[in-house]
Amino acid sequence: MFPILKKRVLNPTVTYMEILAPRVAKKAQPGQFIMLRIDENGERIPLTIAGYDREEGTVTIIFQKVGYTTYSLDGLEEGDSLLDFVGPLGRASDFDGMRKVAVVGGGLGVAIAYPQAKALHDLGAEVDFIVGFRNKDLIILEEEFSAACSDLTIMTDDGSNGRKGFVTTALQEKLEAGAEYDAVIAIGPLMMMKAVCELTREKKIPTIVSMNSVMVDGTGMCGCCRLTVGGETKFACVDGPDFDGHQVDFDEAMARSRMYFDEEQLSMEKHACQLGGKKQ
Amino acid sequence: MSNMSPNKNPMPEQAPDVRNKNFSEVALGYSPEMAMDEAKRCLNCKNKPCVSGCPVNVRIPEFVALVAEGKFAEAAAVVKSTNNLPAICGRVCPQENQCERQCVRGKKGEPVAIGRLERFVADYVMEHGEQAAEVSAANGHKVAVVGSGPAGLSCAGDLAKRGYAVTVFEALHTPGGVLVYGIPEFRLPKALVRKEIATVENLGVEILTNTVIGKSITLDELLEEEGFEAVFVASGAGLPNFQKIPGENLLGVYSANEFLTRINLMKAYDFPQHATPIKVGRVAAVIGGGNVAMDAARCAKRMGAETVYIVYRRSDAELPARAEEVHHAKEEGILFRLLTNPTQIIGDEQGRVKAMEVVEMELGEPDASGRRRPVKKPGSEYTLDVDTVIIAIGNSPNPLIKATTPGLECQCWGGIVADEETGKTSREAVYAGGDAVTGAATVILAMGAGKKAAAAIHEYIQNKEK
Ligand SMILES: Cc1cc2nc3c(=O)[nH]c(=O)nc-3n(C[C@H](O)[C@H](O)[C@H](O)COP(=O)(O)OP(=O)(O)OC[C@H]3O[C@@H](n4cnc5c(N)ncnc54)[C@H](O)[C@@H]3O)c2cc1C
Ligand code: SF4
Ligand code: FES
């Protein structure tokens, strides 16, 4: 069992947790992920490692409530435990030769982009961190973000914080203003990563994306997480999750991510009636 | 007096059109009367041809004679003295190629139903209780085992009996390897696998799940930092092979591993009570002809597919699956498209499978494996309307341990190089066996490899002491 030591609700949809998992904490690197299962009937889901403390033996996860498992996870409190927690899985990010970088995070990718920005910043790289939220009430971890980069840009879809637009808008402005990046790291919804890659492709800026495929085992055993990169089939869980964004077949990845859309609806209905049941 | 009937006592089974809609076990097992009657068919041959056919040399005539006398617990003890997991082997061994193939009774009529009897005695003691196996006093030596499939479990069990402190590291959340994630409930009930594993744990073996060797901890760290004196690598062959034809990444194409893992390990047949979903359409095609393909096809049928094809490039005679599985699959209404190979999978606008193009094959000259090589019949392509495709054309060893263990020699296809008799690898103190060495094979061969390695590790540690 893996106890939840700390829980913080960052905004109505995003939650932060520290889990006691010393073996995972000991080996974790930015870019890697864990697979967890809440209980005996649960699904295995991948979550990016958002931070770790090797001494305390804790691993931080930050997740957005998007489906049945993340809603159930959010229902747990400090002192509760997760049944299964395995990692670190996947390859660690490779930051070699990156002296000036734009790290772009959108949607649930914001939290995942944070450890990357922080790692690069700690390595001495100049980091432009661009993050996007739907509105200003959803902005999270602003302090942590500022501390992890040289320049923080926060965009909102509705402009409620004064900076209206998508993260790509901000990136484009920076590029037009003459920013020269060794690399761009884009993490977030597939649409957003695809849009970033389209921007950087013409300018030939190496762009790394983090592929959040549907996974079952996370160890290379099922092939569920496969995607096409440069015409070849790769497994996101072992060959990634980081890939050269200019080589990724995003249209295929978007189709594959919708595989279980109907089932997810069904699970959510079950979740809703369980919650309803508890109240009575 | 021997029973001279030329036929085995038939196995009581769920009727085909009932069982193809549920996940309960197909074969129900012999009654004590049936078992005793069947055991009386054994001639107790002096030269014991059957024993030589068994990879772990179960003392077959001896245990069968005890069954004939109604001494079931004693019979089970004889089996268990060489086979740690008899309730499993009795159900999944390809007996027709092993013990039963050598049986003298098989020359005229059917061989003695050795597998069914093995299952019977194992189930009998599971239900009625049995004496705990003898365990030597702790000898103070630590051995690590990577993987909790049949190879790892049998090695761990044997070492524990010799007094070693054994820790098994398992990547998944449940121990058992293919026995829990691959082979379906209706063929090998998971409650039974849990009980067999519990008997291994009762010998003192510790199983640590959720630990991926090469990621959570490396093999070298086990030896250098965690105080293990030897490691047995039994990580299986879990990497799914794909056919490399167009359309394989369409929605509705699964590797058999994914399909079976969702259903068996994650219990997707019980969705949404169990949270893992699976989608099985109306018409499914399973590519391949082994046990994995039969299991996938029979699962697809049970999950509600109206039509399920097995698409296999060779003929009936070459189907590598156990005879019983092929027979059961046909009874359950699985359609066999033999001498047929897929050429591409065709999708609709949303990227979902809507058809598969296949081509007819014929058997040409024998290839390196001695089997006749299938060759395309030019111009014989046609399409099957399917919405689900399951690829069951084999698995290779996962490259993770090889990639993270310097100096561990491997074959080009990924198998770990290990001595057949001892499991010794190119690295000192590192042994390997089971599917990780041979590529996908059988439960009993994996168990045999685990036993041999346990003996070799014992010898290695004893000699080191001197
Ligand atoms: C669907 C299916 C049906 C089959 N049917 C039959 C049958 O009827 N009869 C028969 O005899 N054989 C059958 N087989 C084959 C048989 O199951 C295998 O040959 C046998 O299980 C191999 O045993 P093993 O111990 O070598 O490996 P596995 O059973 O594969 O076990 C390996 C274990 O190691 C774990 N592991 C892998 N890498 C790591 C790591 N880095 N760190 C920690 N743990 C790790 C895996 O998670 C797994 O649990 C079937 C196989 C499949 C897939
Ligand atoms: S273990 Fe397999 S081969 Fe050996 S006796 Fe039992 S069924 Fe036959
Ligand atoms: S999640 Fe199973 S292979 Fe990647």
Label point distance in nm, A:Arg91-B:Ala455, each placed 7 Å from Cα along Cα→Cβ: 4.3 nm
Net lengthening on full extension, B:Asp385/B:Glu134 (0.36 nm per residue, minus Cα-Cα): 84.6 nm
Pair B:Asp37, B:Lys466: separation of 7 Å Cα→Cβ label points (nm): 5.6 nm
Estimated FRET transfer efficiency when R0 is 51 angstrom, pair B:Lys376-A:Gln265 (beta carbons, to 0.05): 0.70
Acute angle (nearest 10 degrees) that the helix A:261-279 long axis makes with the longest principal axis of chain A, alpha-carbon atoms: 50 degrees
5 angstrom amide H check on A:Ile185, placed H, neighbours 5+ away: A:Ala102, A:Val103, A:Val104, A:Ile208
Rounded to whole Hz, the Karplus (6.51, -1.76, 1.60) HN-Hα couplings of the stretch B:13-30, x for glycine and proline: 9, 5, 4, x, 7, 8, 5, 6, 10, 9, 9, 6, 4, 6, 8, 8, x, 6
Loop-resident sites, the stretch B:244-328, for trypsin sites (Lys or Arg not before Pro), counting at most 15 other Cβ within 10 Å (DSSP): B:Lys244, B:Arg282
Only Lys, Arg (+1) and Asp, Glu (-1) charged, at Cβ; the protein assembly as shown dipole about Cα centre in debye: 1780 debye
In the stretch A:48-105, the GluC sites (Glu not before Pro) that fall in loop regions by DSSP, at most 10 other Cβ within 10 Å: A:Glu55, A:Glu77
Cα centre as origin, Lys/Arg/Asp/Glu Cβ charges: the stretch A:212-280 dipole, Debye: 500 debye
Cross-link pairs beyond the 32 Å C-alpha cut-off, checked among B:Lys46/B:Lys452; A:Lys118/A:Lys234; A:Lys100/A:Lys136; B:Lys21/B:Lys48: B:Lys21/B:Lys48
With Cα atoms, 0 to 90° folded angle of helix A:109-122 axis to chain A main axis: 60 degrees
Highest-fluctuation residue, A:Arg258, A:Arg23, A:Arg37 considered, GNM on chain A with Cα pairs under 10 Å: A:Arg258
Loop-located trypsin sites (Lys or Arg not before Pro) in the stretch B:84-152, at most 11 other Cβ atoms within 10 Å (DSSP): B:Lys108
Exposure rule at most 16 other beta-carbon atoms within 10 Å, DSSP loop chymotrypsin sites (Phe, Trp or Tyr not before Pro): chain B longest free segment: B:1-241
Amide hydrogen neighbours beyond the local backbone of B:Phe232, cut-off 5 Å, H modeled: B:Ala144, B:Val145, B:Val146, B:Tyr431
Estimated FRET transfer efficiency when R0 is 30 angstrom, pair B:His327-B:Asp348 (beta carbons, to 0.05): 0.25
Accessible area per residue in Å² at 1.4 Å probe, computed on the protein assembly as shown: 41 Å²
Test item: Cα-centred dipole of the stretch A:57-155, Lys/Arg +1 and Asp/Glu -1 on Cβ, debye: 360 debye
At R0 = 56 Å, FRET efficiency that the Cβ-Cβ distance of A:Ser81 and A:Asp182 yields, to 0.05: 0.85
Estimated vicinal HN-Hα couplings, Hz - the stretch B:79-92 in sequence order (Karplus 6.51, -1.76, 1.60; Gly, Pro = x): 4, 5, 5, 10, 10, 5, 10, x, 5, 7, 4, x, 8, 10
Protein accessible area in the stretch A:212-280, 1.4 Å probe - carbon and sulfur %: 52 percent
Virtual paramagnetic centre 7 Å along Cα→Cβ of B:Glu206, amide N under 13 Å, in the stretch B:418-439: none
Helix-derived mean residue ellipticity, 222 nm - over chain B, DSSP H n ≥ 4, -39500 (n - 2.57), to 500: -9000 deg cm²/dmol
5 angstrom amide H check on B:Ala440, placed H, neighbours 5+ away: B:Asn395
Heavy atoms of A:Asp137 accessible to a 1.4 Å probe, total area in Å² rounded to 10: 120 Å²
Virtual spin-label span in nm between A:Val66 and B:Arg194, 7 Å along Cα→Cβ: 3.2 nm
Chain B: relative contact order as a whole-number percent, Cα under 8 Å and 6+ apart: 15 percent
Selected from A:Leu123, B:Ser235, A:Leu36, residue furthest toward positive end of dipole (the protein assembly as shown; charges at beta carbon): B:Ser235
Protein accessible surface hidden between A and B, which excludes ligands and nucleic acids, total in Å², probe 1.4 Å: 3700 Å²
Under Karplus coefficients 6.51, -1.76 and 1.60, residue-wise ³J(HN,Hα) of the stretch B:383-398 in Hz, glycine/proline x: 10, 10, 7, 9, 10, 9, 10, 10, 9, 10, 9, x, 10, 10, x, 5
Accessible surface of the stretch A:94-210 [probe 1.4 Å, protein heavy atoms]: carbon and sulfur percent: 49 percent
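The values are calculated or read from the model by the stated rules, or taken from the named source; none is laboratory data. Model, not experiment: these values are computed from the prediction. Every residue, glycine among them, receives a Cβ derived from its backbone with ideal geometry; neighbour counts consider all protein chains shown. Protein only, heavy atoms only, side chains kept; ligands, DNA and RNA dropped before computing areas. Shrake-Rupley method; radii C 1.70, N 1.55, O 1.52, S 1.80 Å.
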